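None of the figures in this text is laboratory data; all of them are computed from the coordinates on show. A quick note: this is a predicted structure, and the numbers were derived from the prediction, not measured. Neighbour counts are summed over all protein chains in view; Cβ atoms, including those assigned to glycine, are modelled from backbone coordinates with ideal geometry.
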Amino acid sequence: MKLEVWNDALDLFSHVSRLLNQLDRVDLKLKSQIMDAAQSISANIAEGYCRRSINEYLYFLNVSLGSIGELITRMIGLRVVANIPDKSFESFDELHYKVENKLIALIKSLQSKRKEGTWEMEIKEPSARYNTK
């Protein structure tokens, strides 16, 4: 929950949800596809992280990058047909751009670690005691 790009992706999902709720005449299927793409970004970041393998992590980060591409494409299309106000679209696009760039930076960083062999697969978080009663 400390990963900035994951938190920003959740903010993007929330922003998209609020924006879609303000629009009256949007096809339910299109709304659903947009929400799925927006939610997929943070979900794939989390899934990749939890896999603990650098190759799988990079795979899921690239899936997230694909989802952000799908999201911007659908939002541009929605802007054309539903006349999203310029200010609303610009605030979405700023957040989209922020998430996309952080995602690309994370991918590049992990690719470098993989190449250099400095990726650590060990979980660094403190051990928790589990009550087995």
Sorted peptide list for 82-90, 69-77, criterion being average Cβ within 10 angstrom, highest first: 69-77, 82-90
Mean Cβ count within 10 Å, highest first, over the residues of peptides 103-116, 20-33: 103-116, 20-33
Net charge of neighbours whose Cβ lies under 14 Å from the Cβ of VAL81, counting Lys and Arg as +1 and Asp and Glu as -1: +3
Spatially near lysine pairs across the chain, Cα under 18 Å, sequence gap of 8 or more or different chains: 7
The chain: proportion of alpha-carbon pairs further apart than 24 angstrom, %: 38 percent
